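Readers should treat all values here as calculations from the given coordinates under stated rules, not as data from a laboratory. Since the model is a prediction, treat every value here as computed from it, not as a measurement. Glycine also receives a Cβ, built like all others from the backbone with ideal geometry; neighbour counts cover every protein chain displayed.
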Amino acid sequence: MRFPVLAQSIAEGAIRVGAIALDREHAVEMSGELLVASGRTTPAYTEEMVAVLETHGPYIVIAPGIALAHSKPSDLVIETGLSLLTLAEPVVFGNAANDPVSLLIGLAAFDHDSHMDMMKELADALSDQQFVNSLLNAGDTEEIRQLL
Amino acid sequence: MKIIAVCGMGIGTSVLLKMNAEKVLRQMGIDATVEATDMKTARESRDAQIILTTPDLVSLIEDSPAEVITIDHFFDLEEITEKLSAALL
């Protein structure tokens, strides 16, 4: 396994491939729903994720085509984990350098420290452009599991 | 030397930035710690020399005494190296 911590952090039900997003809020919402579906967060966390986008702007778009959708540690987080969402059509977030977005990583952190191993692997994975391309080209969730 | 990576929440974006900045600093042979924090903590910090953040958030931290560097692409180690070198060397 290439990214064992990531594979474990992305629970059953936390991956969706080729979704259609109407706008950036919708994309972030879907990313949050995957965290809820996989038992990581409560639905109110998803609302916070969208609110972060409204309050702080599109800074969560951290690299060309990639957004890290998240809020902060609170009792809305059940367990630390990630979701992975690819979009059928890229969506504009309003980030001058890195628009449009095709890949959303949803992040839920239980506290400020316990997710460091996970973030380290995430940084390594997303730094690998070939790996990111493979994620984007994956036809179904099973293919993404294989890549991890 | 103290370097801060800052984002809105202090757990996601800034952590990724911290990890890649530390990678770059190691390659540059510079002994520095990078702390990931939220905006509020960064604003209150008076001992950081450099603050790393994204272009979308820079206006929130302009009054900081630290030198503020913005990174567009968090996984582009060349961009991070170039900007940190300009500030440090």
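For chain A, what is the relative contact order in percent, using Cα pairs closer than 8 Å and at least 6 residues apart in sequence? Intermediate results must be reported in sequence, preceding the final value.
Working: 282 pairs, mean separation 45.1, N = 148.
About 30 percent, as a whole number.
Counting other beta carbons within 10 Å of each Cβ, put B:Ile11, B:Ile50 in order, fewest first.
B:Ile50, B:Ile11
With r defined as the distance between the Cβ atoms of A:Ala7 and B:Asp38 and R0 fixed at 35 Å, what FRET efficiency is calculated, to the nearest 0.05?
About 0.75, to the nearest 0.05.
So for the protein assembly as shown, if I pair up every lysine 8 or more residues apart or on another chain, how many of those pairs have alpha-carbons under 19 Å apart?
12
Among DSSP beta bridges whose residues both lie in chain A, state the antiparallel percentage, nearest 5.
So the antiparallel bridges in chain A amount to around 55 percent.
Going toward the positive end of the dipole of chain A, with +1 on Lys and Arg Cβ and -1 on Asp and Glu Cβ, which of A:Ala96, A:Thr55, A:Ser74 do you reach last?
Going by the charge dipole, the pick is A:Ala96.
For Cα pairs less than 8 Å apart in space and 6+ apart in sequence, what is the mean separation divided by the residue count of segment B:2-82, i.e. the relative contact order in percent?
So the answer I get is 35 percent.
Would you work out which of A:Met118, B:Met39, A:Gln146 lies farthest towards the positive end of the dipole of the protein assembly as shown, given +1 charges on the beta-carbon of Lys and Arg and -1 on that of Asp and Glu, about the Cα centre?
Ranked along the dipole, the leading option is A:Met118.
Using only alpha carbon positions, build the gyration tensor of chain B, then give the equivalent ellipsoid semi-axes as the square roots of 5 times its eigenvalues, largest first, whole angstrom. Mind dumping the intermediate values first?
Numbers: eigenvalues 66, 38, 28 Å².
So the three semi-axes of chain B are 18, 14, 12 Å.
Could you tell me the convex hull volume per residue, in Å³, taken over the Cα atoms of segment A:1-118?
99
If you put +1 on each Lys and Arg Cβ and -1 on each Asp and Glu Cβ, how big is the dipole of segment A:1-110 around its Cα centre, in Debye rounded to 20?
On the way: 5 positive and 12 negative charges, 80 e Å.
Charge dipole of segment A:1-110: 380 debye, to the nearest 20.
Using alpha carbons only, how many angstrom separate the centre of segment B:19-89 from the centre of segment A:121-148?
Rounded to whole Å, the Cα centres lie 27 Å apart.
Per residue, what volume in Å³ does the convex hull of the Cα atoms of the protein assembly as shown enclose?
With only Cα atoms used, the protein assembly as shown gives 111 Å³ per residue.
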